[in-house]
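See structure below.
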Amino acid sequence: MNKVLLYCRPGFEKECAAEISAKAAEREIYGFPRVKENSGYVLFECYQFEDAERLARELPFDDLIFARQMLVVGELLRDLPQEDRITPIVGMLTGVVEKGGELRVEVPDTNEAKELTKFCRKFTVPLRTALRESKILLNYESPKRPVVHVFFIAPGTCYVGYSLPENSSPFYMGIPRLKFPSDAPSRSTLKLEEAFHVFIPADEWDERLASGMYAVDLGACPGGWTYQLVQRSMMVYAVDNGPMAPSLMDTGQVMHERADGFKFRPPRTNISWLVCDMVEKPVRVANLMTDWLVNGWCREAIFNLKLPMKKRYEEVTQNLAMIQERLNENGINAQIRARQLYHDREEVTVHIRRIWAAAGGRRDER
């Protein structure tokens, strides 16, 4: 198998292709992307047969912005016979995967492909049985073993391969399944909830999203992101000239500051979280977030960069490079991650965690 398959948001195939090409070249792995617009996936074909698995191992999945999932696949299986679709799939995996820990039968995130989801659910059960009989899958699920993927792009047409559990998305189709809370002020609340799932390990939530923390939400109206912070029993400065949802104000946890988010300054020194979903030019938001981190006004930040119509990959990488450069200039060590989340649209969500103080290598207080 000499191909790396990447799931992405439909319409962002070119950005995903540019990113995987650049990341592969950095590791002296060469090939070319195959792109079909609005397909919801990108195929990167490596010139050297063994380079696909090498890329899947050496390229940290967390470093990818536009990919929802990364797996190694072989040639496209076409025209699977209706009377026996299983045998060709088992044959493709034989000698490639042994004792896999899980099976996922998936489709691209497009309206056309979603029509196959009912078939995929039914097909999973007999396919799993056959893969276990062939020793391709364990008889029980294991999070430590490779995940077997069957990716149907059309009826009777699929890619077959595997992902490495330590370097891929743990979610089916690379999408966290979240339910919109009926009492949330807006659907944008799901962006921040998804960001918590993607950027913060579950075993660190009690420490890093703790009750009693102070947070600032810039451009908060009507309170979709503030809602997530309030749900975690934080005290929130909601900064916006517009109105906040009365249900949030009634909690007693929200201080509504009618001010310009670019001019607001924190009234206290123990702000743990800064969040921001303002509709502004990405460079303005990136600079504002960096100001807060450089000045030590917050410990962690999650914010969205709204993307232009063209050169979206270049815009994101330039802004991230600018943030990194400014932090370096000020002697601040920070972890920066970015991802186009499922609930994002023409935007990318960025998470920055300040790790070390500027002076003497002292670790920031938490």
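The values are calculated or read from the model by the stated rules, or taken from the named source; none is laboratory data. Note that the structure is predicted; figures quoted are calculated from it, not measured. Cβ placement follows ideal geometry from the backbone for every residue including glycine, while neighbour counts extend to all protein chains displayed. Please note that ligands, DNA and RNA were not included when accessible areas were found on the heavy atoms of the full protein model with its side chains. Shrake-Rupley method; radii C 1.70, N 1.55, O 1.52, S 1.80 Å.
Quick notes
- Long-range neighbours under 9 Å by Cβ, at least six apart or interchain, first residue acidic (Asp, Glu) within the stretch 302-325, second part of a helix (DSSP H, G or I): 314/18; 315/282; 315/283
- Residues in the stretch 326-340 that are in a loop (DSSP other than H, G, I, E, B) and either of a type in the set (Lys, Arg) or closer than 14 Å to residue 316 by Cα (or both): 340 only.
- Residues (among the polar types (S, T, N, Q) and open to solvent by 10 Å² or more (accessible area, probe 1.4 Å)) located in the stretch 185-201: 186, 188
- Within the stretch 300-325, the residues that satisfy the criterion of being among the basic types (Lys, Arg) and either outside the structural domain of residue 194 (by the TED database) or outside any loop (DSSP other than H, G, I, E, B) (or both) are 306, 312.
- The lone exception for residue 299 - which of (1) modelled with pLDDT under 95; (2) in contact with a Lys or Arg (Cβ under 8 Å, 6 or more places away or on another chain) it fails: (1)
- There is no residue in the stretch 46-64 that is modelled with pLDDT of 95 or more and either under 15 Å from residue 152 (Cα atoms) or of a type in the set (Val, Ile, Thr) (or both).
- Members of the stretch 133-157 that are within 23 Å of the chain's Cα centre (by Cα) and open to solvent by less than 20 Å² (accessible area, probe 1.4 Å): 147, 148, 149, 150, 151, 152
- The condition of being of a type in the set (Lys, Arg) and closer than 20 Å to residue 342 by Cα holds for only one of 299, 312, that being 312.
- Any hit, the stretch 158-169, residues being part of a loop (DSSP other than H, G, I, E, B) and open to solvent by 50 Å² or more (accessible area, probe 1.4 Å): no
- Of all residues in the stretch 180-239, those being of a type outside the set (S, T, N, Q) and on the phi > 0 side of the Ramachandran plot number 3.
- Residue match in the stretch 207-217 (condition: touching a residue at least 40 places away in the same chain (Cβ under 8 Å) and open to solvent by 40 Å² or more (accessible area, probe 1.4 Å)): yes
- Helices (runs of 4 or more DSSP H) fully within the stretch 197-299 counting 1 or more residues that are in contact with a helix residue (DSSP H, G or I) (Cβ under 8 Å, 6 or more places away or on another chain) and either among the polar types (S, T, N, Q) or not assigned by the TED database to the domain that holds residue 323 (or both): 224-231, 282-294
- For the stretch 240-261, the criterion of a residue being open to solvent by less than 50 Å² (accessible area, probe 1.4 Å), β-branched (Val, Ile, Thr), over 27 Å from residue 331 (Cα atoms) and out of contact with any Pro (no Cβ under 7 Å at 6 or more places or on another chain) is satisfied by at least one position.
- Residue that is nearest to residue 272 (Cα to Cα), among those in the stretch 331-352 that are open to solvent by less than 40 Å² (accessible area, probe 1.4 Å) and among the polar types (S, T, N, Q): 349
- Taking the criterion of being closer than 26 Å to residue 227 by Cα and either crowded, with 17+ Cβ neighbours inside 10 Å or free of Cβ contacts under 8 Å to residues at least 12 places away in the same chain (or both), the residues of the stretch 172-184 that qualify are 174, 175, 176, 177, 179, 180, 182, 184.
- Total residues in the stretch 111-121, condition of a type in the set (S, T, N, Q) and either more than 11 Å from residue 173 (Cβ to Cβ) or modelled with pLDDT of 95 or more (or both): 1
- Close Cβ contacts (under 9 Å, 6 or more residues apart or on different chains) running from residues in the stretch 34-61 that are β-branched (Val, Ile, Thr) to residues that are surrounded by fewer than 14 Cβ atoms within 10 Å (Cβ to Cβ) comprise 42/36.
- Considering 285, 279, the condition of being crowded, with 21+ Cβ neighbours inside 10 Å and in contact with a strand residue (DSSP E or B) (Cβ under 9 Å, 6 or more places away or on another chain) is satisfied by 285 alone.
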